[in-house]
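The values are calculated or read from the model by the stated rules, or taken from the named source; none is laboratory data. Please read these numbers as outputs of a predicted model, since none were measured by experiment. Because the Cβ atoms are built from the backbone with ideal geometry, glycine has one as well, and the counts that use them run over all protein chains shown.
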Amino acid sequence: MELRIKQLEQERKIRNNWNELKEDLKPRNFIRNTLVDNAFTKSSKADLFATALGYGTGLLSRKFKEKAGQKIEGVIDKLFGMLKPGHKKN
């Protein structure tokens, strides 16, 4: 009798574990469990911050490069304009 009770308890546990596994492996739950729940752990927060900082820095440096390039082009155009024959000095 005691063995039968243990057997039934183990079968119930296996059935419960199997049902939990099936639920966890459904695409919606799998994505939620693997990505969303683990997305904001301490290390991923640092990674997310570093990525955002890198992206922002890259964006600012590109904007700065564009503005600097425009300024340099303007200065060069003025210099070459002054060197052209027929240019009048002010």
* **Residue selected from segment 38-90 under the condition farther than 30 Å from L21 by Cβ and among the polar types (S, T, N, Q), by the criterion modelled with the lowest pLDDT** => N90
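Criterion first (within 25 Å of the chain's Cα centre (by Cα) and modelled with pLDDT of 85 or more) does L35 satisfy it? Please lay out each step first, then the result.
Values: within 25 Å of the chain's Cα centre (by Cα): yes; modelled with pLDDT of 85 or more: no.
Criteria not met by L35.
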